[in-house]
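Values quoted throughout were computed directly from the atomic coordinates according to the rules given, and no laboratory measurement underlies them. This one's a predicted model, so the numbers in the text were calculated from it and none came from an experiment. Counting neighbours? That spans all protein chains shown, and the Cβs are built from the backbone with ideal geometry, glycine included.
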């Protein structure tokens, strides 16, 4: 079953790359997304290790970085609020 899912992932990824190359889409969106992702990871890293919010630690994982990439500063506030409610 794992082989089937891996083959499906490889085939769909190859088709996606083929469509992107064939349609000659502008690559500006990829650069913008990469810059936002690096900035979000850097902001979370600085927030965690600067001690700006004492006792607060937001883990640096794909979900937290994704929330900050999509939501921006409110995403950081959302995760800090969730951390405060849960803890």
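Given R₀ = 22 Å, FRET efficiency for residue 52-residue 32 by Cβ-Cβ distance, to 0.05? Step by step, r from the Cβ atoms, then E = 0.25. Restricting the calculation to alpha carbons of the range 22-67 gives Rg and Dmax of 14.5, 51 angstrom.
Here the average projected area of the convex hull drawn through the C-alpha atoms of the chain stands at 8.1 nm².
Which value in deg cm²/dmol, rounded to the nearest 500, describes the helix-derived mean residue ellipticity at 222 nm for the chain, given -39,500 (n - 2.57) per DSSP H run of n ≥ 4 and division by the residue count?
Using -39500 (n - 2.57) per qualifying helix, the result is -26500 deg cm²/dmol.
A straight chain from residue 23 to residue 39 at 0.36 nm per residue would run longer than the Cα-Cα distance by 2.9 nm.
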